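Colleague: Below is the structure I would like to discuss, written out as structure tokens.
Quick note: the coordinates plus some simple rules give every number you see, no bench work behind them. Source: prediction; values computed, not measured. Positions of Cβ are backbone-derived with ideal geometry, glycine not excepted, and every protein chain shown enters the neighbour counts.
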Protein chains: 2
Amino acid sequence: MTPIKDFNDLINHLRLLPQRKRVALVCPDDSHTDYVITRVIAEGLADLLLVAGGKCSSVAVELAKDYPDRVALVVEPNADSAARRAVAAVRAGNADVLMKGTINTDNLLRAVLDKECGLLEKGCVLSHISVAQIPGYGRLILFSDAAVIPRPTEEQFEAIVGYGTDVCRRIGIEQPKVALIHCTEKVNEKFPHTLYYDSLKRKAAAGLWGDILMGGPMDVKTACDAESGELKGIVTPVTGCADMMVFPNIESGNVFYKAVSLFARAEMAGMLCGTVAPVVVASRADTGDSKLYSLALACL
Amino acid sequence: MTPIKDFNDLINHLRLLPQRKRVALVCPDDSHTDYVITRVIAEGLADLLLVAGGKCSSVAVELAKDYPDRVALVVEPNADSAARRAVAAVRAGNADVLMKGTINTDNLLRAVLDKECGLLEKGCVLSHISVAQIPGYGRLILFSDAAVIPRPTEEQFEAIVGYGTDVCRRIGIEQPKVALIHCTEKVNEKFPHTLYYDSLKRKAAAGLWGDILMGGPMDVKTACDAESGELKGIVTPVTGCADMMVFPNIESGNVFYKAVSLFARAEMAGMLCGTVAPVVVASRADTGDSKLYSLALACL
């Protein structure tokens with residue numbers, strides 16, 4: 001498979017897959033969600049289980065009427081029961097992806113993380129993968145964790161690399177290049193995660209994540225710009241062409257997300273990983289397109 | 001004074017100041033430094049004390065010959081003694097700014113931080129201020145700390161805000177707007193610095209830094225984009241128009257620096273603060289212009 005280079009590619013790829021996934025969407029009741037579900041159905045990207053919490057947009061009602069074989073609409077009394085119902089559908093195998101509509105993330109996560117009836121199995125690491133399409137970079141770049149794990153432990157870093165390289169392969173990158181991000185190139189006890197980085201590199205070399213290349217610690221510029229790497233005398237197979245960046249903490253990941261989406265006009269997609277099915281929890285400030293790309297990513 | 005909106009403004013402003021500052025530059029022996037010192041002299045931005053460490057570029061020699069009243073050149077046996085000599089000149093009041101040329105940052109900092117003969121007085125907080133000119137933002141934006149303090153304590157945050165608002169005023173912003181950056185808007189014990197943020201806001205309200213506006217915790221997008229703030233229901237006098245961003249840790253500050261300079265074509269300036277005189281320690285990967293802007297910033 002030719003690697004998927006941007007989100008248009010991603011949408012086209014999904015359109016051509018022989019089997020459509022089914023997305024359980026919680027509370028379809030805002031204009032962004034209307035945009036997403038309309039395009040998803042019009043372009044054949046997925047089938048939908050719309051779970052309304054009390055009220056529901058007219059677009060959702062019409063879609064369910066017009067496409068009865070592809071769109072199911074059920075109505076629950078409120079957002080919380082809608083979330084529980086959608087999660088139950090995923091657990092029962094009636095949906096492949098869970099997606100947030102017009103419900104607070106906290107409320108949706110309460111259902112997702114419920115110990116008895118949720119989607120996170122015991123011992124699994126919940127994390128968040130973002131994918132950025134940054135003008136000028138020429139390829140999609142994944143990064144993690146900008147949203148869930150404040151300060152990853154070594155075990156959590158290990159899971160993060162696993163989720164990220166898995167997504168890389170699903171977008172057609174056979175040998176993912178993973179950059180471990182920090183502000184310097186030095187492994188230093190003042191920065192405990194850089195010690196984890198050394199250990200991660202040993203595990204990468206031993207094949208824990210299959211055929212991947214891993215480098216770091218290095219800064220964002222070194223990871224994404226060959227010239228910067230050369231100026232600093234850092235030449236690794238990852239320098240200048242990272243497919244995935246592992247950030248040392250949530251603050252730095254979040255700053256990357258916000259800085260490139262605001263100032264570099266990057267388009268973004270993202271999803272939670274570690275759950276029995278991907279969960280799309282796009283934020284209020286994300287664009288309709290960003291929500292569509294996130295859904296597409298989760299359906300790969 | 002009309003606020004300085006970009007680095008061209010800054011250069012023009014400096015050119016028109018009645019009194020030129022004197023910059024002690026350590027080891028003028030590379031093409032970027034040649035570019036900086038040539039423009040500094042040609043445009044009347046500052047006078048120079050060039051302290052060579054053994055060798056020295058021909059451009060430096062010529063400048064000293066052609067402008068004997070504005071450029072002094074002294075030669076020390078090596079880079080370390082050049083650093084000590086330049087630091088001594090600053091301590092003696094013979095220079096107002098210290099700047100790194102072709103010397104490793106570590107070697108320069110050894111002289112700057114020397115307990116007996118250095119530039120950091122006991123009890124002072126060393127920190128780094130960056131200034132970014134980001135296409136589309138319409139004003140300069142300061143941020144800190146991307147280079148020195150890994151995880152600021154409350155006392156260090158306090159110093160950082162002091163240095164930043166001081167620079168804001170020197171570029172003509174009478175009431176600096178300071179955004180305290182985090183990935184969420186919540187003050188949360190999981191993130192100890194957000195507790196400091198609450199305390200900083202009380203101190204700002206009490207007038208510790210004079211007339212400033214402070215908001216946060218908020219993310220980078222909320223700080224720099226009014227629409228994002230509105231979408232999230234966050235409306236503060238800082239939202240969408242921050243003059244300064246305080247980052248919670250070095251990793252997030254560094255990621256902002258690298259991400260906007262690489263992907264948003266931002267121009268950057270930066271300097272160390274807390275020392276008896278500003279210290280410019282631009283990195284190898286910075287452009288010649290970036291080094292010139294840093295010098296100009298330090299000479300304000």
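Colleague: How compact is region B:45-129 by the rule of thumb for globular proteins, expressed as Cα Rg over 2.2 N^0.38 Å?
Modeller: Computed over Cα atoms of region B:45-129, the ratio equals 1.12.
Colleague: Ok, one more. If each label sits 7 angstrom from Cα along the C-beta direction, how far apart, in nm, is B:R265 from its counterparts in the other copies?
Modeller: The projected label point of B:R265 is separated from its counterparts by 1.0 nm.
Colleague: Next question, about the same structure. List the distances, in nm and shortest first, from the label point of B:S31 to the matching label points in every other copy, placing each point 7 Å from Cα along the Cα-to-Cβ direction.
Modeller: Copy-to-copy label distances at B:S31, shortest first: 5.1 nm.
Colleague: While we're on this one: In whole Å, what is the distance between the alpha-carbon centres of region A:1-20 and region B:187-211?
Modeller: 47 Å
Colleague: With a ≥ b ≥ c taken as the square roots of the eigenvalues of the C-alpha gyration tensor of region B:3-152, please select rounded if a/c is under 1.5 and otherwise prolate if a/b is larger than b/c or oblate if it is not?
Modeller: oblate
Colleague: Return the calculated 222 nm mean residue ellipticity for chain A, to the nearest 500 deg cm²/dmol, obtained by summing -39500 (n - 2.57) across DSSP H runs with n ≥ 4 and dividing by the residue count.
Modeller: -12000 deg cm²/dmol
Colleague: Follow-up question, since we're still on this one. Using only alpha carbon pairs under 8 Å that are at least six residues apart, calculate the relative contact order of region B:171-255 and give it in whole percent.
Modeller: 40 percent
Colleague: Shielding by partners for B:178-187, please: the mean number of other protein chain Cβ atoms within 10 Å of each residue's Cβ.
Modeller: Counting Cβ atoms of other protein chains within 10 Å of each residue's Cβ and averaging gives 2.
Colleague: Then there is this: Give me the compactness ratio for region B:114-247, meaning the Cα radius of gyration over 2.2 N^0.38 Å.
Modeller: Its radius of gyration relative to the 2.2 N^0.38 Å reference: 1.05.
Colleague: Something else now. Would you list which lysines come within 17 Å of B:K55, measuring only between C-alpha atoms, while excluding same-chain residues fewer than 8 positions from it?
Modeller: Within reach: B:K65, B:K100.
Colleague: OK, next. Just to confirm the numbers: B:G136, label point 7 angstrom along the Cα-Cβ line, distances to the other copies in nm, shortest first?
Modeller: 1.1
Colleague: Please compare each pair in A:K177/A:K203; B:K201/B:K221; A:K115/B:K190; A:K258/B:K201 to a cut-off of 18 Å on the Cα-Cα distance and tell me which ones are over it.
Modeller: B:K201/B:K221; A:K115/B:K190; A:K258/B:K201
Colleague: Let me make sure I get this right: for region A:165-242, a, b and c are the square roots of the gyration tensor eigenvalues over alpha carbons, sorted descending. Under 1.5 in a/c it's rounded, otherwise prolate if a/b > b/c, else oblate. Which is it?
Modeller: Because a/c hits 1.5 or more and a/b fails to exceed b/c, region A:165-242 counts as oblate.
Colleague: Rounded if a/c is under 1.5, else prolate if a/b is larger than b/c, else oblate: which is region A:186-300, with a ≥ b ≥ c the root eigenvalues of its Cα gyration tensor?
Modeller: Taking the square roots of the gyration eigenvalues as a ≥ b ≥ c, region A:186-300 is prolate.
Colleague: Looking only at other chains, what is the average number of their beta-carbon atoms within 10 angstrom of each beta-carbon in A:223-235?
Modeller: 2
Colleague: Averaged over all directions, how much area does the convex hull of the C-alpha atoms of chain A cover when projected, in nm²?
Modeller: Average projection, Cα convex hull of chain A: 15.1 nm².
Colleague: OK, next. Towards the positive end of the charge dipole of region B:235-300, with charges on Cβ (+1 Lys, Arg; -1 Asp, Glu), say which of B:V281, B:T239, B:N249 has the farthest Cα.
Modeller: The Cα lying farthest towards the positive end belongs to B:V281.
Colleague: Let me ask you something else. Search the structure for amide H atoms under 5 Å from the amide H of A:R22, placed 1.01 Å from N in the peptide plane, and list their residues when 5 or more places away or on another chain.
Modeller: It is A:D47, A:D96, A:V97, by chain and number.
Colleague: Do you know the relative contact order of chain B, to the nearest whole percent, from alpha carbon pairs under 8 angstrom that are 6+ apart?
Modeller: The normalised contact order for chain B reaches 21 percent.
Colleague: Between A:R284 and A:L208, how high is the FRET efficiency from 1/(1 + (r/R0)^6) when r is the Cβ-Cβ distance and R₀ = 30 Å? Nearest 0.05.
Modeller: With R0 = 30 Å, the Cβ-Cβ based efficiency is 0.20.
Colleague: So for the protein assembly as shown, Kirkwood radius off the Cα pairs, Stokes-Einstein at 10 °C and 1.306 mPa s: how many µm² s⁻¹?
Modeller: Once the numbers are plugged in, D ends up at 62 µm²/s.
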